[in-house]
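Laboratory data are not the source of any read-out in this text; all were calculated from the coordinates shown. Here the structure is a predicted model, which means the values were calculated and not measured. Virtual Cβ from ideal backbone geometry, glycine too; neighbours counted across all protein chains shown.
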Amino acid sequence: MKVLVVGSGGREHALAWRLARSARVTTVLVAPGNGGTARGTTGPSARIRNVEITDVTGLAEFAAANEVGLTVVGPEAPLAAGIVDVFRSRGLRIFGPTQAAAQLESSKDFAKRFMKRHGIPTADYETFSDATAARDYVSRRGAPVVIKADGLAAGKGVVVAQTLAEAHDAIDAMLVDNRMGEAGARVVIEDFLDGEEASFIVMSDGQHVLALASSQDHKRLRDGDQGPNTGGMGAYSPAPIVTPTIHARVLREIILPTVQGMAADGIEYTGFLYAGLMIDSKGNPRTLEFNCRMGDPETQPIMLRLRSDLLDLLEHAIDGQLDRTEADWDRRTALGVVLAAAGYPEAPRKGDPLIALPADSEDCVVFHAGTQFVDGQLLTSGGRVLTVTALGDSVRAAQRRAYDAVAQVRFAGQQYRTDIGHRAISRRPPSAPPAPPSE
Ligand code: AMP
Ligand code: GLY
């Protein structure tokens with residue numbers, strides 16, 4: 001079967017790489033893809049040029065003309081543009097949420113109203129389009145407080161304000177100066193939640209869910225979780241913070257009520273569903289956000305650990321039979337380190353040649369994101385360039401293996417964190433005896 005992956009990041013390279021290992025997949029097409037998918041590191045693959053990922057009609061025409069048997073969508077933009085609705089209306093098989101269901105990500109106000117209505121744990125909030133009312137509200141609630149643009153803002157729409165002055169500035173930037181455009185015409189203001197974050201991603205067929213392995217992202221640019229927010233500088237799976245007890249609670253208190261609540265509201269949710277969680281010191285999980293897609297870079301370690309046939313899982317999902325399958329995982333930890341271009345995230349430089357790359361092996365794969373071939377030469381073409389992802393028997397072993405490979409990468413201006421996995425490494429197992437007093 002020919003399969004199509006829509007997108008061009010590390011997430012899509014990892015999905016394509018895993019799909020290329022399915023016995024029944026003959027060709028993986030990636031639209032538009034990147035230098036890694038074009039080079040065929042996904043096995044049989046091809047890059048489709050000149051396609052906008054939000055040109056959902058063009059993509060449907062391409063899928064029909066090329067006899068694509070199944071399409072899987074990486075990023076949120078085509079989902080919010082209704083790619084699933086268009087493909088389905090043409091009888092094309094696709095895995096993802098409809099435009100209406102994708103509002104769980106594309107409108108924070110929709111997601112918050114939904115969670116409140118269905119009793120899903122999340123921070124208290126109010127939504128505003130009037131700046132004066134918004135400022136009065138934060139003055140009453142106090143800082144820290146979190147200001148979120150309602151619409152899609154490519155990861156730039158959230159301000160965690162430590163002071164009232166910062167909160168007022170964020171409100172003014174969005175509601176008065178329109179700096180986020182339409183996405184910031186309404187803002188959600190919510191209480192600050194303390195704890196540790198984790199990514200919990202499931203596949204949903206509308207009725208049943210299949211949980212994927214847990215993971216944790218590192219959103220800040222620099223070591224020690226310092227510096228500006230990014231799309232994610234590294235991730236690993238599993239995330240030890242998600243203990244079996246917390247895992248069961250997330251499914252019972254967040255994931256199942258969400259899928260059932262959407263069905264009850266008449267908006268069946270199919271596709272990957274990503275709950276960004278904040279887990280407090282007592283182990284209570286709360287929802288920070290929903291994404292209607294897999295995470296990037298979380299997908300890279302998750303795909304490296306997935307042992308089941310991904311095509312088989314996707315077909316069960318499209319056929320409403322996720323209750324009849326399960327996913328098998330490599331017991332090892334997978335850890336991915338993102339290498340970003342000079343100037344990322346504010347103004348990433350493009351066009352630097354990739355001078356050296358390590359070869360892929362059984363336990364280490366370089367997933368590409370911002371790379372492209374120009375006249376036969378592999379150049380950087382975006383902010384996040386590569387995710388070097390490795391397996392190891394422990395977080396520390398996976399980390400060592402990944403950084404050994406990172407040391408072999410060379411392109412001008414490369415920046416990466418040296419501490420991916422630090423939370424898991426510094427975490428004492430819950431059953432471990434107290435450390436002996438030091439002499
Ligand atoms: P979001 O796009 O909603 O996940 O927000 C981006 C980041 O902002 C999250 O990964 C958190 O680090 C932080 N954040 C969002 N909401 C809250 C909150 N209510 N309390 C504390 N931090 C938050
Ligand atoms: N890594 C965070 C995200 O994909 O939203």
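Numbers for the structure displayed
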{"read-out": "Listed peptides 22-34, 244-256, 294-306 by packing density, highest first (mean Cβ within 10 Å)", "value": "294-306, 22-34, 244-256"}
{"read-out": "Radius, Kirkwood style, for the stretch 308-377 when every pair of distinct Cα atoms is counted (Å)", "value": "16.2"}
{"read-out": "Overall dimensions of the stretch 50-155 as given by Cα atoms, namely Rg and Dmax in Å", "value": "18.3, 58"}
{"read-out": "In Hz, Karplus ³J(HN,Hα) per residue of the stretch 139-144 (6.51, -1.76, 1.60; θ = phi - 60°; x = Gly, Pro)", "value": "5, 5, 6, x, 9, x"}
{"read-out": "Value of relative contact order over the chain, rounded to a whole percent, pairs C-alpha under 8 Å and six or more apart", "value": "15"}
{"read-out": "Convex hull projection area averaged over all views, the chain, Cα basis, nm²", "value": "22.0"}
{"read-out": "Relative intensity, log₁₀ I(q)/I(0), of the stretch 171-223 from a Debye sum that treats every alpha carbon as a point, q = 0.20, 0.23 Å⁻¹", "value": "-0.91, -0.89"}
{"read-out": "Inverse of mean 1/r across different Cα pairs in the stretch 236-346, Kirkwood, Å", "value": "16.1"}
{"read-out": "MRE, 222 nm, helices only [DSSP H, n ≥ 4, -39500 (n - 2.57), over the chain, to nearest 500]", "value": "-7000 deg cm²/dmol"}
{"read-out": "Listed peptides 363-371, 115-123 by packing density, highest first (mean Cβ within 10 Å)", "value": "363-371, 115-123"}
{"read-out": "Reciprocal of mean inverse Cα separation for the stretch 169-280 (Kirkwood radius, Å)", "value": "16.3"}
{"read-out": "Highest average packing first - 130-142, 93-105, Cβ atoms within 10 Å", "value": "93-105, 130-142"}
{"read-out": "Sites THR245 and ARG140 - FRET efficiency at Förster radius 30 Å, r taken between beta-carbons, to 0.05", "value": "0.25"}
{"read-out": "Förster-model FRET efficiency, 56 Å R0, GLN226 and ALA264, C-beta, rounded to 0.05", "value": "0.85"}
{"read-out": "Modelled FRET efficiency - R0 56 Å, GLU67 with ARG252, Cβ distances, 0.05 increments", "value": "0.85"}
{"read-out": "Calculated SAXS-style log₁₀ I(q)/I(0) at q = 0.13 Å⁻¹ - the stretch 358-434, Debye, Cα scatterers", "value": "-0.49"}
{"read-out": "In nm, spacing of pseudo-spin labels at ALA407 and ASP124 (7 Å Cα→C-beta vector)", "value": "5.2"}
{"read-out": "For the chain, size of Cβ-based charge dipole, Lys and Arg +1, Asp and Glu -1, in debye", "value": "640"}
